[in-house]
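Only the coordinates and a few stated rules stand behind these numbers; no lab work does. Source: prediction; values computed, not measured. Neighbour counts are summed over all protein chains in view; Cβ atoms, including those assigned to glycine, are modelled from backbone coordinates with ideal geometry.
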Amino acid sequence: MIRKLISKIQKQLSLSKVGSDLFKLALPIIGAHLLHTAYNLTDMIWVGELGSNAVAAVGSAGFFINIGWALASVITVGVNVKIAHSIGAKDLSSAGRFAITGFWGIAFLSLVFTTILLAWPDEFIGFFEMKDAHVNEMAISYLIIAAAGGVLNFTTLFFISIFNAQGKTKISLKASLIGTSLNIILDPIFIFLLDLGVEGAAYATIIGRAMTLTYFILVFKRGSIIRLKGYFPHFDKIKSIVQVGFPAAIQRISFSLIYIVMARIIASWGPTAIAVQKIGVQIEAFTFMVVGGLMQAVTITVGKHYGAKDMDQIPKVFRAAWQMAFGVGVMTTLMFFLIPETLFSIFVPEKESILMGKNYLNILAFSQLFMCMEMIVAANFHGVGKTSVPAIVSVIFTSMRIPLAYVLGFCTFLGLNGVWWSISATSIMKGVLLFFILKAYFRKNNLHFEEVFVFRRKRTS
């Protein structure tokens with residue numbers, strides 16, 4: 001049934017051979033991302049029943065959990081790209097050495113991060129200076145429980161990178177389906193039936209992650225074409241992994257840290273504004289998750305072509321990915337313009353929150369296509385191992401959101417909408433700049449850039 005569905009979608013999209021292969025690789029990743037988004041949205045719906053204060057508490061704690069996911073990128077991105085290069089070069093032994101080295105690296109990072117969060121949860125939540133003591137209490141409780149499951153989160157991300165690098169994205173989809181389904185079932189039971197509130201949402205997440213990781217471990221021996229080489233890390237591989245993964249991790253960590261500062265600015269408008277931003281990000285995640293799946297597929301495919309020294313295929317991969325990302329960007333742009341109130345009313349009943357949410361989505365609609373551009377360009381650079389290029393652009397322009405948010409929010413008539421404009425405007429800048437950097441890279445390497453962004457109609461004979 002799934003194969004028939006994929007084949008039908010491919011025909012409707014009239015994809016090229018390159019686009020068809022990319023679509024097959026990306027679809028399970030997109031499915032896994034959408035499952036994760038579905039869980040986050042479901043979680044917000046159930047938590048939203050407890051009120052905006054509960055959403056604000058989970059959202060505040062969630063910023064620090066996201067930093068953990070970003071930190072894991074030092075290993076997961078590096079391992080993903082280097083294994084793809086090794087497979088492209090038909091060197092499975094090298095891929096195995098990268099895998100065992102990455103395993104030790106992810107274990108070390110997860111233990112350090114979890115220890116830090118558990119040692120100072122009050123201080124981390126206190127950063128937001130939220131005036132409501134009950135919101136602070138809920139946020140601290142949620143953070144402690146979620147942090148305790150940090151090792152599960154990090155290790156799960158590691159296995160996703162291992163299987164996706166091999167092109168076995170369906171395994172990642174099945175693992176996500178198991179964990180997400182369990183999360184969705186347990187959420188209302190723990191939150192309401194057992195009367196655990198926001199703590200129940202955290203417990204449900206940990207149990208779901210544990211089941212996902214269990215599945216990965218069980219299928220690794222029979223579902224992986226690579227094997228962990230030895231029992232200890234190969235120190236000659238550490239440098240290669242970190243060189244590729246570190247810029248991507250810095251980009252993601254800075255993004256999370258900047259959003260924490262942004263959340264503190266947003267908190268000036270009260271818990272409702274924090275809740276709106278949290279829900280808005282989850283809605284916007286539809287674009288991010290779908291194009292993020294394409295992004296990973298492009299990284300893997302370009303990485304294999306790069307490892308095989310088949311550079312001429314890279315523009316074809318990029319062009320096919322951009323055509324699909326463009327369609328997603330247009331669709332979300334229209335949704336954010338036409339039905340923003342409907343989207344927000346799914347999660348919160350308060351009219352004030354819905355009105356704030358409408359403004360948020362209307363403003364972010366302007367940047368959706370540019371965000372798609374940024375992600376697909378970044379994937380191309382990740383695939384060839386030049387993760388520093390999109391990282392530098394992202395860190396610079398995302399950092400600009402803080403002064404822009406302050407100026408537009410407090411020094412103009414825009415108020416809170418000025419904060420939303422600081423996010424949208426910088427996304428537009430990143431997409432435009434990376435477009436021209438990619439153009440220069442393709443021309444430098446004698447690749448046919450001019451053909452990448454042309455949408456041709458099929459010729460009729």
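Just the number, please: Stokes-Einstein D of segment 299-393 in µm²/s, Kirkwood Rh from C-alpha pairs, 37 °C, 0.692 mPa s.
It comes out at roughly 215 µm²/s.
Among 177-189, 108-120, how do they line up by average Cβ neighbours within 10 Å per residue, starting with the highest?
Packing proxy ranking, top to bottom: 177-189, 108-120.
Would you list Trp420, Trp69 from fewest to most Cβ contacts within 10 Å?
Trp69, Trp420
Of the cross-linked pairs Lys90/Lys168; Lys239/Lys316; Lys278/Lys351, which ones have a Cα-Cα span greater than 23 Å in the structure shown? Mind showing how you got there, number by number?
On the way: Lys90/Lys168 16 Å; Lys239/Lys316 31 Å; Lys278/Lys351 16 Å.
Table pairs above 23 Å Cα-Cα are Lys239/Lys316.
What is the distance, in nm, between label points placed 7 Å from the Cα along the Cα-to-Cβ direction at Ile189 and at Leu334?
So the two model labels end up 4.1 nm from each other.
Under a Cβ-only charge scheme (Lys and Arg +1, Asp and Glu -1), can you give me the dipole magnitude of segment 226-306 about the Cα centre, in debye to the nearest 20?
My answer is approximately 320 debye.
Quick one: Cα convex hull volume of segment 257-309, Å³ per residue? List each step's numbers first, then the result.
Values: hull volume 3.8 nm³, N = 53.
Convex hull volume per residue, Cα atoms: 71 Å³.
Modelled label-to-label distance, Thr342 and Cys411, 7 Å Cα→beta-carbon offset: nm?
4.0 nm
I want the local charge near Phe344. Using Cβ-Cβ distances under 14 Å, sum +1 for each Lys or Arg and -1 for each Asp or Glu among the other residues.
Taking every Cβ under 14 Å from that of Phe344, the sum is -1.
Charges only on Cβ, +1 for Lys and Arg, -1 for Asp and Glu: so what's the dipole of the chain about the Cα centre, in debye to the nearest 20? Working shown, then result.
Values: 39 positive and 22 negative charges, 566 e Å.
Rounded to the nearest 20 debye, it is 2720 debye.
Given the C-alpha atoms of segment 176-288, compute the convex hull and give its volume per residue in Å³.
182 Å³
Within segment 133-240, report the trypsin sites (Lys or Arg not before Pro) that DSSP leaves as loop and that have at most 15 other Cβ atoms within 10 Å.
Arg227
Only Cα pairs under 8 Å and at least 6 apart count here; give the relative contact order of segment 2-451 as a rounded whole percent. Could the numbers behind the result be given before it?
Details: 699 pairs, mean separation 104.0, N = 450.
With pairs under 8 Å counted, the relative contact order is 23 percent.
List the aspartates and glutamates whose alpha-carbon lies under 18 Å from that of Lys82, not counting same-chain residues fewer than 8 positions away?
Asp91, Asp236, Asp310
Putting +1 on Lys and Arg Cβ atoms and -1 on Asp and Glu Cβ atoms, find which of His305, Phe220, Phe435 reaches farthest to the positive end of the dipole of the chain.
Working it through, the farthest residue towards the positive pole turns out to be His305.
How would you order 315-322, 53-60, 344-351 from highest to lowest mean count of nearby Cβ atoms within 10 Å?
Result, highest mean Cβ count within 10 Å first: 53-60, 315-322, 344-351.
Points 7 angstrom from Cα along the Cβ direction at Ser268 and Ala119: gap in nanometres?
Here the modelled spin labels are 3.3 nm apart.
Expected output is a single nm value to one decimal: the length gained when fully extending between Asn362 and Ile217, i.e. 0.36 nm times separation in residues minus the C-alpha distance. What is it?
Full-extension gain reported as 47.9 nm.
Enumerate by residue number the chymotrypsin sites (Phe, Trp or Tyr not before Pro) in segment 389-418 meeting two conditions: DSSP loop (anything except H, G, I, E, B), and at most 16 other Cβ atoms within 10 Å of the site's Cβ.
Sites meeting the loop and neighbour criteria: Phe413.
Based on the mean of other Cβ atoms within 10 Å per residue, sort peptides 277-284, 422-429 so the most packed one is first.
Working: 277-284: 23.0, 422-429: 20.5.
Averaged packing, sorted descending, gives the order 277-284, 422-429.
Show me the three semi-axes of the equivalent ellipsoid for segment 2-451, from the C-alpha gyration tensor (sqrt of 5 times each eigenvalue), largest first, rounded to whole Å. Present the calculation step by step, with values, prior to reporting the outcome.
Details: eigenvalues 224, 139, 88 Å².
Listed largest to smallest, the semi-axes of segment 2-451 are 33, 26, 21 Å.
Among the helices of the chain (complete DSSP H runs), which have Cα atoms covering no less than 24 Å along the helix axis and a Kyte-Doolittle mean of at least -0.5?
17-48, 52-88, 92-119, 169-188, 198-223, 235-266, 271-307, 314-338, 416-444
What number, rounded to the nearest 500 deg cm²/dmol, is the helix-based mean residue ellipticity at 222 nm of the chain, given -39500 (n - 2.57) per DSSP H run of at least four residues and division by all its residues?
Computed mean residue ellipticity for the chain: -28000 deg cm²/dmol.
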